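Below is one structure, written out as structure tokens; comments come after it.
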Amino acid sequence: QVQLVESGGGLVQAGGSLRLSCAASRNISSIPSMGWYRQAPGKQRELVAAITSGGSTNYADSVKGRFTVSRDNAKNTLYLQMNGLKPEDTARYYCAAWGSRWDYWGQGTQVTVSS
């Protein structure tokens, strides 16, 4: 069991940047995978970025080159640095942690990008 709490969302103009944080309730070094999902109204939740315990990362094509996912094991925190934000990035962003047979989710943080 792990609790995940997101922070850092807000309102930003197109082209701006935000850094999302996900604070975990326990050591995250042994969690196989962590990542960020987002969901806009009327749309399916999609994986934005993920990082494994070994440091491998994966990104949605729509955010490659703009977003960076990272992990600070000492702080039990996952980050998502978002640069060059676009209105289409507007969504609620969720932190997730998962293994092969389980997953946990945060409550989300809203990101709104104005044009």
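The values are calculated or read from the model by the stated rules, or taken from the named source; none is laboratory data. What you see is a predicted model, and the numbers here were worked out from it, not measured in a lab. For neighbour counting, all protein chains shown are included, and Cβ atoms are generated from backbone atoms with ideal geometry for every residue, glycine included. Each accessible area value is taken on the protein alone, full model and side chains, heavy atoms only, with ligands, DNA and RNA left out. Shrake-Rupley method; radii C 1.70, N 1.55, O 1.52, S 1.80 Å.
Points to keep in mind about this one:
- Amide proton proximity set for G16, modelled H, under 5 Å, gap of 5+: L85
- Surface composition of the chain: carbon and sulfur make up 45 percent of the accessible area, probe 1.4 Å.
- Gain on full extension, evaluated as 0.36 nm per residue between R19 and W105 minus their Cα-Cα distance, stands at 29.1 nm.
- Taking the stretch 90-115 and a reference point 7 angstrom along Cα→Cβ of R26, the backbone N atoms nearer than 17 Å belong to 96-106.
- Normalised by the number of residues in the stretch 1-90, the mean separation of alpha-carbon contacts (under 8 Å, six or more apart) gives a relative contact order of 32 percent.
- Q3/D61 FRET efficiency (R0 25 Å; Cβ-Cβ; nearest 0.05): 0.20
- Cross-link reach is defined here as a Cα-Cα straight distance under 28 Å, omitting same-chain residues fewer than 8 places apart; for K75 the lysines meeting it are K64.
- Phi-derived couplings, Karplus 6.51 cos²θ - 1.76 cosθ + 1.60 at θ = phi - 60°, listed residue by residue for the stretch 24-40: 9, 7, 8, 3, 9, 4, 9, 6, x, 9, 9, x, 10, 10, 9, 9, 9 Hz, with x used for Gly and Pro.
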